[in-house]
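For reference, the structure discussed in these notes is given below.
The values are calculated or read from the model by the stated rules, or taken from the named source; none is laboratory data. Model, not experiment: these values are computed from the prediction. Ideal geometry is used to build each Cβ from the backbone, glycine not excepted, and the neighbour counts take in all protein chains shown. Protein only, heavy atoms only, side chains kept; ligands, DNA and RNA dropped before computing areas. Shrake-Rupley method; radii C 1.70, N 1.55, O 1.52, S 1.80 Å.
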Amino acid sequence: MNILLTGGAGYIGSHTAVALASAGYTPIILDNFCNSDKSVLKRLEKIIQKPVACVEGDVRNTSLVEKVLREHEINAVIHFAGLKAVGESVQKPIEYYANNVQGTISLLDAMRSANVKNLVFSSSATVYGDPQYLPIDEHHPLSATNAYGRSKLHIEEMLKDLAASDPAWKMMCLRYFNPVGAHQSGLIGEDPSGIPNNLMPFIQQVAVGKLPKLKIFGNDYDTIDGTGVRDYIHVMDLAEGHLAALSHLSKNPGWSTFNLGTGKGSSVLEMIAAFESSTGAKIAFEYVPRRAGDIASCYAAVDKAQAALSWSAKRTLEEMCASGHQWQNYRHSFV
Ligand code: NAD
Ligand code: UD1
C-alpha cells in the first residue's frame with residue numbers, strides 16, 4: 001500500500017514514515033521544507049534501509065498533489081503538513097489559515113480528482129480548549145483560543161461535511177496530545193528553529209548546554225506539585241497509532257475522531273525528574289509567572305482508541321526522555 005505523507009519530512013511525519021515502512025507500507029513524502037531540513041531524507045533512508053520517495057512541493061499546489069496521487073498510485077493520505085506554533089498563529093492568522101485550511105482544501109480537491117478518498121488528518125488536543133473535565137474524551141465540547149487551534153477545528157468540520165456529502169470518503173481526525181521523544185536510532189527527532197516554545201525540546205537543549213536553564217511557567221496551579229500537567233506521548237507510539245488508524249479506516253467509511261495520548265498526566269517537575277534519572281543530565285530551572293493562555297491540566301481518555309483501534313501507547317516517560325536526549329546529542333554534534 002502506498003501512503004502519501006504531506007509534511008512527511010517533519011517531526012511526526014518522519015517517525016510515521018519509519019513506522020509505515022517497518023509495517024510493509026510504502027511511504028511517499030510531499031513537503032515544502034518550510035519547517036524541516038532536506039537532510040532528514042538521508043537519515044530516514046539510513047533507518048529504513050531503502051530509498052524514500054519525496055516530492056518537494058506545497059500542498060496548496062493542487063495540480064502537483066493530484067499528479068503525485070496518480071503517479072505514485074496512492075491508496076491513502078496522512079495529512080501532517082501545516083503550521084503549528086500557537087504564538088505565531090496569533091501574529092500571522094492569514095498565513096495559518098492559508099497554510100492549514102486552504103492547504104487542506106487543495107489536498108481534498110486533488111484527492112477527489114484522483115479518486116483517492118482515504119484520509120487521516122493530524123488534529124490536536126488543542127481543539128478541546130480549556131478542559132471542562134478530565135480525562136478528556138472525544139465528546140468533550142470543542143473550542144479554540146487562537147488561530148492555530150481554530151484552523152484545526154475548521155478542518156475537522158470541513159472533513160465532517162465532506163464525509164456527509166459522499167459515502168465513498170473515509171476520514172479520521174487524530175487528536176494528538178503532547179508528542180515527545182525520538183526514534184531509537186537517534187537519527188531523527190524534533191528540531192525546532194530558534195528558542196523552543198515547548199517543554200521537552202527546551203529541556204533537551206538545557207541538557208546539552210545549548211540553553212542555560214528552564215523557565216517553569218507557574219508553580220501555583222491546582223496540580224500535584226503546582227506545575228502544569230500534560231499527557232506526553234512517545235512519538236513512536238503516536239506513529240504506530242497511524243498504522244492502527246489506517247487499518248481501521250479501510251473498514252470504516254465516514255468521519256471519526258480519536259484521541260492519541262497515554263491517558264496519564266505528568267507535571268513539569270515529574271518530567272524533569274524522569275529526564276534526570278534516565279539521562280544523568282542535570283536540568284537547572286527557575287520559576288517564572290504563568291504563560292498566558294496555559295491551562296493547569298490536560299490528559300486524554302484513551303478508551304475509544306483502545307477499543308476501536310486496538311492501539312495503546314506503550315513506551316515510558318523514561319524512554320521518551322532518553323530518546324529525546326540521544327537525538328539532541330546527535331543534533332548538537334552537527335550545529
Ligand atoms: P513539523 O513542523 O515538524 O512538520 C510539518 C511539516 O509540514 C514540515 O516538514 C513542513 O515543512 C511541512 N509543511 C508545512 N506547510 C506545508 C505546505 N503548505 N506544503 C507542504 N509541506 C508543508 O510539525 P509536526 O510536529 O510534525 O506536526 C505535524 C502535524 O501534527 C501538524 O499538522 C501539527 O499541527 C499536528 N500536531 C502537532 C503536535 C506537536 O506537538 N508536534 C501536536 C498536535 C498536532
Ligand atoms: C502546546 C501547544 C498546544 C498543543 C500542545 C500539544 C503552545 C502554546 N501550545 O501546548 O497548542 O496542542 O502543545 O502539542 O505551544 N512549560 C514550561 N516552560 C517552558 C515550556 C513549557 O514550564 O519553557 C510548561 C507549560 O507551562 C506546560 C507544560 O510545560 O505546563 C507543557 O508545555 P508545552 O510543551 O508548550 O505544551 P502545551 O502547553 O500542552
### Task
Let me know the shape class of segment 205-335, please: from the alpha-carbon gyration tensor, a ≥ b ≥ c as square roots of the eigenvalues, rounded when a/c is under 1.5, otherwise prolate if a/b is greater than b/c, or oblate.
oblate
### Computed accessible area, residue 331, all protein chains, 1.4 angstrom probe, square angstrom
50 Å²
## Note on the structure
For segment 320-326, in residue order, the Karplus 3J(HN,Hα) values (coefficients 6.51, -1.76, 1.60; θ = phi - 60°; whole Hz; Gly and Pro = x) are 4, 5, 5, 5, x, 5, 4
### Net charge of Cβ neighbours under 11 Å - reference residue 147; Lys, Arg +1; Asp, Glu -1
+1
### Task
Would you mind checking which residues have amide H under 5 Å from residue 298's amide H? H placed 1.01 Å from N; only 5 or more apart, or other chain.
229, 230, 231
#### Entry: ³J(HN,Hα) computed for each position of segment 38-48 - Karplus, 6.51 cos²θ - 1.76 cosθ + 1.60, integer Hz, glycine/proline x
4, 4, 4, 5, 4, 5, 4, 5, 5, 6, 6
### Summary
Whole-Å distance linking the alpha carbon centroid of segment 148-178 with that of segment 280-335 is 25 Å
### Message
Could you work out how much longer the chain between residue 46 and residue 102 gets when fully extended? Use 0.36 nm per residue separation minus the Cα distance between them, nm to one decimal.
### Response
16.8 nm
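If r is the Cβ-Cβ distance from residue 63 to residue 225 and R0 is 56 Å, what FRET efficiency results, to the nearest 0.05? All intermediate terms of the calculation are to be shown ahead of the outcome.
Working: r = 54 Å, r/R0 = 0.96.
The pair residue 63/residue 225 has a calculated efficiency of 0.55.
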### Message
Please report the antiparallel percentage of DSSP beta bridges with both residues in the chain, rounded to the nearest 5.
### Response
5 percent
### Relative contact order (%) - the chain, alpha-carbon pairs under 8 angstrom, separation at least six
19 percent
### Query
Using the Cα gyration tensor of segment 104-230, with a ≥ b ≥ c the square roots of its eigenvalues, what is the shape: rounded (a/c below 1.5), prolate (a/b larger than b/c) or oblate (neither)?
oblate
### Query
Within a Cβ distance under 12 Å of residue 7, other residues only, what is the Lys/Arg minus Asp/Glu net charge?
-1
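Residue separation times 0.36 nm, minus the C-alpha to C-alpha distance between residue 330 and residue 213: what's the value?
40.1 nm
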### the chain - mean residue ellipticity at 222 nm from DSSP helices (-39,500 (n - 2.57) per run, n ≥ 4, rounded to 500)
-12500 deg cm²/dmol
### Message
What is the sum of charges, Lys and Arg at +1 and Asp and Glu at -1, for the other residues whose Cβ falls under 14 Å from the Cβ of residue 24?
### Response
0
### Task
Mind listing the long-range amide H neighbours of residue 55? Cut-off is under 5 Å, sequence gap 5 or more, other chains count too, H placed in the peptide plane at 1.01 Å from N.
29, 30, 31
### Task
Work out the charge dipole of the chain with +1 on the Cβ of Lys and Arg and -1 on the Cβ of Asp and Glu about the Cα centre, then indicate which of 26, 295, 200 is farthest towards its positive end.
26
### Task
Run through the DSSP bridge list for segment 208-335 and note the antiparallel percent, rounded to the nearest 5.
25 percent
### Centre separation in Å (Cα based) which lies between segment 195-226 and segment 74-126
29 Å
